[in-house]
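Working notes, beginning with the structure itself.
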Amino acid sequence: MKKKDTTVLEEMFTKHYQEWCLLSFSYVKDLDDAKDVVQNIFIKLLQNDTYASCNNMKSYIFTAVRNESLTRIKKQKKTIPIGYLGTETPSFENNIIQREISEKVLKEIYSLPDKNQKVFKLCVLEGLKYENAAEILGITVNTVKYHLKTSFKILRINLRDVYYSVLLIII
């Protein structure tokens with residue numbers, strides 16, 4: 001590796017580091033991750049010595065930062081934070097709140113009109129396909145869809161306060 005080439009990279013790094021970190025941050029939404037992305041790109045450039053043949057270094061690095069940020073997002077989506085796996089120590093209060101929410105949801109499901117309730121149970125709770133539910137109930141697939149749509153609309157309105165409780169538990 002030539003001394004001249006590393007000097008150009010050092011100058012680009014010091015001059016545009018914050019700009020590229022902000023670009024990466026706009027994708028990954030975490031400043032430490034954004035800094036890691038930019039630093040990793042420069043490490044790769046120094047190790048591979050491929051930048052010597054590049055005509056527009058700034059554009060090349062800009063594209064590399066964007067692509068590396070998007071790759072990092074994909075990797076993060078594949079991993080689930082530990083807290084969501086149920087490994088947190090459940091508190092007594094959270095258990096009570098979750099039980100109350102479950103009871104309220106079930107109560108609202110049982111308060112649906114008869115046809116809506118049957119369709120909801122078959123399609124949502126039992127996981128049957130629309131065609132199978134229609135065959136069991138002796139109705140058309142479109143009628144199944146109508147009853148499900150109506151059920152969700154009713155539940156959304158009646159369980160409005162439950163959404164806020166669930167958000168409070170998660171946060």
Among the listed residues Ile136, Ile101, identify the single one that is assigned to a helix (DSSP H, G or I) and at pLDDT 90 or above. Ile136
From Glu108, Glu103, which residue is surrounded by 15 or more Cβ atoms within 10 Å (Cβ to Cβ) and either without any contact (Cβ under 8 Å) to a residue 60 or more places away in the chain or of a type in the set (Ser, Thr, Tyr) (or both)? Glu108
Return a yes/no flag: does the stretch 157-164 have any residue that is at pLDDT 90 or above, surrounded by 12 or more Cβ atoms within 10 Å (Cβ to Cβ) and assigned to a loop (DSSP other than H, G, I, E, B). no
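Of everything in the stretch 17-68, what is of a type in the set (Val, Ile, Thr) and assigned to a helix (DSSP H, G or I)? Give them in sequence order. Break it down stepwise before answering.
Keep residues of the stretch 17-68 that are of a type in the set (Val, Ile, Thr), which gives 28, 37-38, 41, 43, 50, 61, 63, 65.
If the condition is that a residue be of a type in the set (Val, Ile, Thr) and assigned to a helix (DSSP H, G or I), then Val28, Val37, Val38, Ile41, Ile43, Ile61, Thr63, Val65 are the ones that fit.
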Hey, does the stretch 61-74 have a residue that's at pLDDT 80 or above, closer than 30 Å to Val144 by Cα and acidic (Asp, Glu)? no
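The values are calculated or read from the model by the stated rules, or taken from the named source; none is laboratory data. This structure is a prediction, so every number in the text was calculated from the model and none was measured. Heads up, the Cβs are rebuilt from the backbone with ideal geometry, glycines too, and the neighbour counts pull from every protein chain shown.
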